[in-house]
Amino acid sequence: MDTILKWCSDVLSNPTWFYLLTTIAKLVLVFAVILAFVVLSVWIERRVAGWIQDRPGPNRAGLPLFLFRRFGSKEEQPLKKLLLYLGCPPDGLIARLCRWLRLDREVPTFGLMQPCLDGGKLFLKQEITPSYVRKLYFILAPMLVLGPPLVSAAVIPFASWVQTPFGEINMCVANLNIGPLWVFAVSGLSVYGLTLAGWSSNSKYPFLGGLRATAQLISYEVAMGLSVIPLLMMFGTLNLQEIVQSQAQNGWTLLPFWGEGLSVQRWILCVPMLISFIMFATCIFAEANRTPFDMAECETDLVGGYHTEYSSMKFASFFMGEYAAMVIGSALVVTLFLGGWSIGFGIDEALASYNEWLAVLCQLVIFLFKLLAFIFFFVWVRWTLPRFRWDQVMKLCWLVFVELAVLNIALTAVIMYFIH
Amino acid sequence: MAYIPVKRPKFSILDRIYVVELVKGLGITLKHLVLSLLGKSRSKKDFNGAGVGACMPFPEQRWDSHLPSYYRGAPSLVRGEDGRERCVSCQLCEFICPARAIRVVPGSVAPGATAAKQEKAPAEFEIDMLRCIYCGMCQEVCPEQAIFLSQQYLITLTDRKQAVRNKEQLYRLGGIRKGLINKWNQYK
Amino acid sequence: MNPAISALLFYLFALAALVSAIGVIVLRNPVSSALSLALCFGFVAAIFFNMGAAFLGITQIIVYAGAILVLFLFIIMMLDVKSEDHTSGLLRHSVVGVLVAGMLAGMISSAALRLPGAVGGSCPWHAFTESLCSELCPAAASTDPSASELQASISAPAPYGGALPTLDPAKRGADAKLLGQNLFSHYNLTLVILGFALLAGCVGAVSVGRRLRRD
């Protein structure tokens with residue numbers, strides 16, 4: 001036992017091995033969280049859509065108890081037996097509550113099983129590759145859509161850092177100095193997937209969808225890059241971990257309620273930040289191909305858009321890629337504008353001085369909570385706004401956002417010149 | 001072709017900025033969300049809703065009593081008041097059926113049957129529910145008023161073979177029908 | 001990073017970039033060529049990353065692979081370019097091609113050999129013969145401390161903008177700042193001229209592409 005412990009500490013003392021092991025651990029965590037959030041956001045999408053339209057949404061899929069033969073069949077209702085064993089009357093309050101929660105039929109999951117089962121269904125479906133497609137690119141395209149959002153998650157910090165006896169662990173897979181640019185660049189690559197899917201399908205509607213996706217994504221990338229510049233001017237760094245750190249100390253970008261944020265200068269800077277936030281969030285919507293900007297797959301004029309010819313798991317990877325892009329976009333907005341992992345009001349530092357691991361855990365939970373909230377906002381907007389017309393989308397980008405972003409940069413520069 | 005210009009509404013600056021209207025729209029959907037979560041959705045009563053939203057949780061709760069009397073469900077065979085098979089296996093329904101869902105094999109009347117004027121009775125009577133289109137032509141054409149569309153609408157199968165309903169099942173579904181058959185009704 | 005690993009990675013990425021660049025020419029399907037070019041850009045960006053110039057690398061991906069090449073692809077698809085046929089004028093084309101490529105190669109190599117890092121114009125051969133010695137071929141902006149020292153000791157000829165700036169590896173995010181400072185102070189005139197050239201191109205494209213309305 002001692003030798004094993006000693007070997008472990010030897011390995012961890014080597015900086016290369018320490019770096020490698022911690023990075024792999026962080027990588028697995030981030031990957032798992034993102035994939036879980038993809039599933040979760042599908043569920044949120046469907047439930048919230050239901051609620052907004054006065055429906056319950058998918059609430060049925062649970063783990064039916066009669067699957068477990070050991071607990072008895074559907075008719076025998078194991079819960080009734082259990083309640084009787086515990087001495088609860090069969091028509092008492094507890095039994096009625098259980099029946100209302102459908103506990104007598106299944107293990108309730110509030111429909112959370114639904115996306116998993118949908119995934120299983122798509123996995124088992126017949127894979128149809130039409131004979132007229134260009135095979136190589138047809139197979140390559142879904143990978144190019146699903147891959148980039150997962151890769152771009154590497155720079156998103158999900159907590160602060162901890163000191164261990166072997167070295168510092170920064171809770172961000174790759175603490176690059178080009179954080180937001182990395183996300184823009186890598187998620188911008190997913191346009192190849194959409195374009196190739198449209199082109200290689202060799203049919204009319206997918207092709208039009210691919211063209212639309214290309215034009216839209218390239219245009220909004222310009223506006224997105226320009227809209228985030230005022231924020232980078234304010235923080236003076238491109239490192240996302242440092243941006244979040246300074247937000248934790250001096251107040252979130254949009255809500256500077258503590259630290260140095262409680263100054264008139266900082267509050268004046270909130271005006272360009274707010275404009276920047278609105279533009280950036282809109283661009284993220286467009287980049288993630290979400291309604292009201294889902295021109296590439298709008299079913300009223302393009303059947304299914306670029307993934308019309310896809311089926312089974314290839315279609316599912318387009319679907320997952322879209323949701324992964326949504327999760328990453330939300331994470332970026334939260335990181336840049338809503339404080340990232342910071343709990344706020346100086347709680348971070350107090351917690352960190354008490355116990356760093358506890359602080360990191362709390363920050364992770366807070367970050368995920370903020371992420372969920374913004375994903376909810378994504379869904380909320382989707383079920384509120386109708387789809388724009390194609391020319392409106394392009395006009396909004398080139399005639400409004402680009403100009404507004406440049407003006408916003410100038411405004412920020414002027415304000416910062418007079419403040420300092 | 002005539003060229004008719006459509007009058008577009010004039011938008012004010014506030015409308016053009018879009019943000020205010022966007023927030024209003026978000027407010028409306030949020031209201032719906034909160035109300036349906038609280039179980040106070042509008043027109044919930046009209047839809048007999050329970051729980052979240054205005055929806056009726058279907059398999060647990062049904063609205064069968066609201067079905068109109070003319071509702072066309074699964075076809076069924078009926079017996080007379082005296083328990084006699086009304087069907088005389090004339091096969092008119094089989095011929096009229098546009099979907100060819102019905103198959104009748106005529107047979108002789110069972111000995112001791114009460115029907116004095118009846119010459120035949122179905123030996124086999126099958127309706128394929130995967131073919132049936134619930135048009136009600138069989139009911140219309142039947143001279144003996146032996147086949148009726150019931151109010152059954154839940155036809156759930158786990159197997160194609162279950163879709164074919166045989167004579168016993170059809171009689172069980174139809175039950176006993178009271179009243180004279182028009183054909184034998186001397187007053188009509 | 002360990003200089004040996006850094007050099008090894010450089011050769012790997014350079015080889016991959018070269019292979020995909022050859023693919024651009026060899027592949028007959030225009031879409032395949034375009035994607036091969038994207039791959040090439042990616043590897044060049046990887047070389048930048050390897051040198052510690054992360055900002056430059058990511059800009060390479062955003063601008064070239066993410067935007068310009070997608071526009072290329074867009075147009076190839078819109079025009080539905082079939083696989084090109086290469087029968088007529090092969091000799092003439094190849095002569096012109098060799099001439100242009102040779103001139104370009106000469107320009108680039110003369111610039112590369114006179115860069116401060118190339119001691120006495122011997123850089124590429126030294127690198128090969130002395131097996132992965134990164135000390136002798138430091139990048140223009142490298143995080144390698146020995147390279148910084150070496151660069152500081154050499155003054156570049158005037159046409160190349162004097163002594164090249166060096167990175168302080170201790171400072172985080174220094175490369176973006178350094179790039180901006182140099183671009184907007186030392187090379188400002190060049191930048192403005194280039195910007196005007198691009199603007200002129202843009203205006204020209206719009207005026208060519210704009211169709212006069214009849215109604």
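Does A:I268 fit the bill of being surrounded by fewer than 18 Cβ atoms within 10 Å (Cβ to Cβ) and assigned to a helix (DSSP H, G or I)?
Here the answer is yes, as A:I268 does meet what is asked.
Hey, any hits in region A:353-374 for a residue that's within 26 Å of B:L33 (Cα to Cα), within 14 Å of chain B (Cβ to nearest Cβ) and out of contact with any helix residue (DSSP H, G or I) (no Cβ under 7 Å at 6 or more places or on another chain)?
Looking for residues that are within 26 Å of B:L33 (Cα to Cα), within 14 Å of chain B (Cβ to nearest Cβ) and out of contact with any helix residue (DSSP H, G or I) (no Cβ under 7 Å at 6 or more places or on another chain), one finds at least one in region A:353-374, hence yes.
If you check A:A324 against the conditions, is it over 24 Å from A:F235 (Cα atoms), modelled with pLDDT of 85 or more and within 13 Å of the chain's Cα centre (by Cα)?
Answer is yes for this residue.
Those residues that are within 19 Å of C:L79 (Cβ to Cβ) and buried (at least 24 other Cβ atoms within 10 Å of the Cβ), I need them from region A:201-226; list them, please.
If the condition is that a residue be within 19 Å of C:L79 (Cβ to Cβ) and buried (at least 24 other Cβ atoms within 10 Å of the Cβ), then A:S201, A:P206, A:G209, A:G210, A:R212, A:A213, A:T214 are the ones that fit.
Could you please let me know if C:R172 is over 21 Å from the mean Cα position of the chain (by Cα) and either more than 23 Å from A:L232 (Cβ to Cβ) or at pLDDT 80 or above (or both)?
no
Any residue at all in region B:115-125 that's of a type in the set (K, R) and surrounded by fewer than 19 Cβ atoms within 10 Å (Cβ to Cβ)?
Yes.
If A:A153 satisfies all but one of (1) more than 30 Å from A:S9 (Cβ to Cβ); (2) at pLDDT below 85; (3) of a type in the set (G, A, S), what's the number of the condition it fails?
(2)
For the subset of region B:38-71 comprising residues that are more than 8 Å from chain A (Cβ to nearest Cβ) and polar (S, T, N, Q), which member is surrounded by the most Cβ atoms within 10 Å (Cβ to Cβ)?
The qualifying residue surrounded by the most Cβ atoms within 10 Å (Cβ to Cβ) is B:N48.
Which of the residues that make up region A:228-251 are hydrophobic (A, V, I, L, M, F, W, C) and not in a helix (DSSP H, G or I)?
Those that are hydrophobic (A, V, I, L, M, F, W, C) and not in a helix (DSSP H, G or I): A:V228, A:L238.
For A:I268, state whether it is in contact with a Pro (Cβ under 9 Å, 6 or more places away or on another chain) and either under 30 Å from A:L399 (Cβ atoms) or modelled with pLDDT of 80 or more (or both).
no
Output the residue which, of all residues in region A:252-265 that are under 21 Å from A:W341 (Cβ atoms) and in a helix (DSSP H, G or I), is modelled with the lowest pLDDT.
A:G261
Take the residues in region B:84-142 that are part of a helix (DSSP H, G or I) and of a type in the set (V, I, T), then tell me which one is farthest from B:Y71 (Cα to Cα).
B:I96
Run A:L194 past the list (1) within 14 Å of another protein chain (Cβ to nearest Cβ); (2) more than 25 Å from A:W43 (Cα to Cα) and report the number of the one that doesn't hold.
Among (1) within 14 Å of another protein chain (Cβ to nearest Cβ); (2) more than 25 Å from A:W43 (Cα to Cα), A:L194 violates only (2).
What single numbered condition from (1) within 13 Å of another protein chain (Cβ to nearest Cβ); (2) modelled with pLDDT of 85 or more; (3) closer than 26 Å to A:V33 by Cβ fails to hold for A:I178?
Among (1) within 13 Å of another protein chain (Cβ to nearest Cβ); (2) modelled with pLDDT of 85 or more; (3) closer than 26 Å to A:V33 by Cβ, A:I178 violates only (2).
Here is a check on your reading of the model: is A:P230 surrounded by 24 or more Cβ atoms within 10 Å (Cβ to Cβ), more than 10 Å from chain C (Cβ to nearest Cβ), more than 29 Å from A:F158 (Cα to Cα) and not hydroxyl-bearing (S, T, Y)?
no
Does A:F418 meet the test of being in a helix (DSSP H, G or I) and within 14 Å of chain B (Cβ to nearest Cβ)?
Answer is no for this residue.
Scan region B:84-94 and tell me whether some residue there is assigned by TED's automatic domain parsing to the domain that holds B:E168, without any contact (Cβ under 8 Å) to a residue 12 or more places away in the chain and on the phi < 0 side of the Ramachandran plot.
The answer is yes; a qualifying residue exists.
Pairs only if they're at least six apart or on different chains, beta carbon under 7 angstrom, first in region B:16-37 and more than 7 Å from chain A (Cβ to nearest Cβ), second surrounded by fewer than 14 Cβ atoms within 10 Å (Cβ to Cβ); list them, first residue then second.
B:V20/B:L14; B:E21/B:D15
The values are calculated or read from the model by the stated rules, or taken from the named source; none is laboratory data. Please read these numbers as outputs of a predicted model, since none were measured by experiment. Heads up, the Cβs are rebuilt from the backbone with ideal geometry, glycines too, and the neighbour counts pull from every protein chain shown.
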